[in-house]
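The values are calculated or read from the model by the stated rules, or taken from the named source; none is laboratory data. All figures in this text were calculated on a predicted structure; none of them were measured in a lab. All Cβ positions, even for glycine, are placed from backbone atoms using ideal geometry, and neighbour counts span all protein chains on display. Keep in mind that these areas ignore ligands, DNA and RNA; they rest on the heavy atoms of the full protein, side chains included. Shrake-Rupley method; radii C 1.70, N 1.55, O 1.52, S 1.80 Å.
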Amino acid sequence: MLNPKSKGLFIDVSEFSILAARTSGFKIPMVIEELAEYPLSSDDSAEEIRDFFESIVDFKGNGYYVSRSGVYPEGRFVRYYEAESVNKAKDLSFLSNILKSEFSVDPDASTVAILDARDGSDFEPGNSLSRRLVFCGAPSDAFLAEQNRLLSYGIYPDRLELSTVTTLGGVSDYAHFNEIRSPILCFELTSQSANIFILNRGQVDVARPVSFGLDSIYPLLQRELGLKDEVSARKLFFSNTFDFAEMGPKLLRRMTKELQATTGFYEVQTGLTIDSVFISVLPKNLAWVSKTVSDSLGLEILQPNLENWLESLKIKLGNDVEVSNLGSRWMGLFSLMGEFHLREEGESE
């Protein structure tokens, strides 16, 4: 049995934590009634996580609670592609071959969506005049694993979104609302991989993967501090007991080089200057990563004013809800709530 949608439940589930919001409903306008976070560890049981959700919403004895959910499935991809012509961009068999040959993605084994890179809208091959596309998705088995994971918590996702893309949509809308004119560097960093994006006035100009992630740092940290193994290095890395301010640039040098190469090429190619960087997903205790990256690149950290932005989307905060101290990692959760097309439709009237 499913709980009737008397209250809305939005959740963003990464490898680091579960971010959750109970709202007055699923439709705009809405009120955020409660925010909660569950930091994840390898020892968590499904029962413990279900207890977390039961502290936020009333299951009323039912087996599952309906939610709108954002996830980061293993093997996820977001790739930018510019076709030689509009006609080629309309040829789905051609695009399928591009996925295989250029991005090593098996379209038959993956759940794939194609977006118009100019505004993030769904690509319609019959009507589109765009040559600039974004392929996004993940192996179908990985999406299924995320769905089953949520079901084990008592959560039924009536909409399961790729948080990487949802967050980009939120950042793009935030930039539009705040009239940010310069391109924004977006960086998604997780254990096994990372993704680099450049957004410019609602458009995706760059979307490329990095084949290594946080896991690549632990051997270096182990050597630097003479730790006994990489497990110890990982525990120290995520602890709040060590100040990484001095060592941070050395630990992240490989990543910042990738970012510098991408931004440098983009600025030379376009003549535009990137002023800010937005880093998603990472937990609060890794805030030093954003500082190290921004200092290394000479960029400002984009710290969204979430309350003003949410209000512009007709999402109000309940009396006991405070968002001023929340970091950028919450952008993915709030982006699940936004109906950004309504802003565009309102402006065009």
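Values for this structure:
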quantity: Any pair with Cβ under 8 angstrom, 6 or more apart, that starts in the stretch 58-73 at a residue that is modelled with pLDDT under 95 and ends at one that is of a type in the set (Phe, Trp, Tyr) and open to solvent by 30 Å² or more (accessible area, probe 1.4 Å); calculated: Tyr64/Tyr156; Tyr65/Tyr156; Val66/Tyr156
quantity: Test: Phe278 is touching a residue at least 24 places away in the same chain (Cβ under 8 Å), assigned to a loop (DSSP other than H, G, I, E, B) and among the aromatic types (Phe, Trp, Tyr); calculated: no
quantity: Evaluation of Glu224 against (1) modelled with pLDDT of 95 or more; (2) not in a strand (DSSP E or B) (one fails), failing number; calculated: (1)
quantity: Contacts under 7 angstrom Cβ, first residue in the stretch 309-325 being free of Cβ contacts under 8 Å to residues at least 12 places away in the same chain and closer than 15 Å to His341 by Cα, partner surrounded by 15 or more Cβ atoms within 10 Å (Cβ to Cβ) and not basic (Lys, Arg), 6 or more apart; calculated: none
quantity: Candidates Ala207, Ala233 - the one that is touching a residue at least 40 places away in the same chain (Cβ under 8 Å) and not in a loop (DSSP other than H, G, I, E, B); calculated: Ala207
quantity: Any hit, the stretch 188-204, residues being at pLDDT below 95, of a type outside the set (Lys, Arg), assigned to a loop (DSSP other than H, G, I, E, B) and under 21 Å from Ser312 (Cα atoms); calculated: yes
quantity: Only one of Val105, Val78 that is in contact with a Cys (Cβ under 6 Å, 6 or more places away or on another chain), surrounded by 12 or more Cβ atoms within 10 Å (Cβ to Cβ) and of a type outside the set (Asp, Glu); calculated: Val78
quantity: Strands (runs of 3 or more DSSP E) (entirely within the stretch 1-116) containing at least 3 residues that are farther than 21 Å from Ala194 by Cα; calculated: 8-13, 17-23, 30-39, 65-71
quantity: Selected residue (only one of Lys257, Lys291, Lys316, Lys250 is surrounded by fewer than 18 Cβ atoms within 10 Å (Cβ to Cβ) and either in contact with a Pro (Cβ under 8 Å, 6 or more places away or on another chain) or aliphatic (A, V, I, L, M) (or both)); calculated: Lys316
